[in-house]
Amino acid sequence: MVLWIVAALVLLTTATISLARGNTQWATKMVEKSQARAVAEGGVWLLISEFETNVAIKDGSAMTYQIGAGSVVASAERESGRVDLNRAKPEVIAFLVESVIVERTEARDLIDAILDWRDRDDIKREFGAEDAYYQQLYPPYRAKNGPFNAIAELRLVRGVTETVYQQLKPRITVLAHSATLDKNLRDKEGASIRKNTQTLPGRTDEPDEVDLRRIFSTGGPPIYRVKCTGTVGETTSTITAVVEINPNEKEPNRVLSWEEA
Ligand SMILES: [Ca+2]
């Protein structure tokens, strides 16, 4: 009986110790996670502080910093290289859609559907979609008739399949605050938008002549998407921030969005 009790106590103690070990490992992970997050955040501010003096950052090069016990890989991409779903002129929306959709009528329908989605009226464009279309769906919903709050809202627009959305996703924003695309990105390798309607395989008809001066222009505020991944031990944490960077040091920068993963 005594032996049995001792054996039970030993078992219990072993279980408690292994539970305590498990807890310690879990707690260590939690500490690492919050450190990795702090390192990523440090990376965001460090990158921004070097922004005006380091040309490589403006060119989109990834920077690596050591911060405390961790390291961070940080890079910046000009947000104005993305099409602003709310501000973009119709020809810029057309340029965007035609850069990913080969089929002419499909592209035409989507361009009108996007413009109908964001315009305030309920008057359907020739190839567009307004309430009458969306209310036939199950479950039914209404056209936004206002600005997009987030790019994911594009999924609700007629013609935006998952494939189309994934292709458009890296090329769009609601934060560039610009009707056109950044002229500086026009010919650069890695520009998020390129005129590729002439080179798309499977395209048989002649694309319309596009006046690129109406698509690309200078201007628009200096808004950048800063991505930082902090690593501590084996744990990583990524922060993506969209920041309006004020070249005048006396004026504070403005954070337009902040996402952690
Ligand atoms: Ca509308």
* To do: Would you mind computing, in nm to one decimal, how far apart the modelled labels at SER34 and VAL102 are, each placed 7 Å from Cα along Cα→Cβ?
  => 5.3
* Count charges around ALA241 for me, please; just the other residues with Cβ under 12 Å from its Cβ, Lys/Arg as +1, Asp/Glu as -1. => -3
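Once R0 is set to 22 Å, what does the formula 1/(1 + (r/R0)^6) return for the Cβ-Cβ distance between LYS58 and ASN86, expressed as a FRET efficiency to the nearest 0.05? Don't skip to the end; give the middle numbers.
Values: r = 25 Å, r/R0 = 1.15.
Between LYS58 and ASN86 the formula returns 0.30.
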* Compare the peptides 143-156, 88-101 by average per-residue count of other Cβ atoms within 10 angstrom and give them in order, highest first. => 88-101, 143-156
* Structure fact -> Between TYR165 and TRP45, Cβ-based FRET efficiency (R0 41 Å, step 0.05) works out to 0.80
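Rounded to the nearest 0.05, what FRET efficiency do ALA261 and LEU137 give with R0 = 30 Å and r taken as the Cβ-Cβ distance? Could you check?
0.45
Every read-out reported here was derived from the displayed coordinates using simple, explicitly stated rules and does not represent laboratory data. As the structure is a prediction and not an experimental result, all values here were calculated from the model. Using ideal geometry, Cβ is built from the backbone for each residue, glycine included, and neighbour counts are taken over all protein chains shown.
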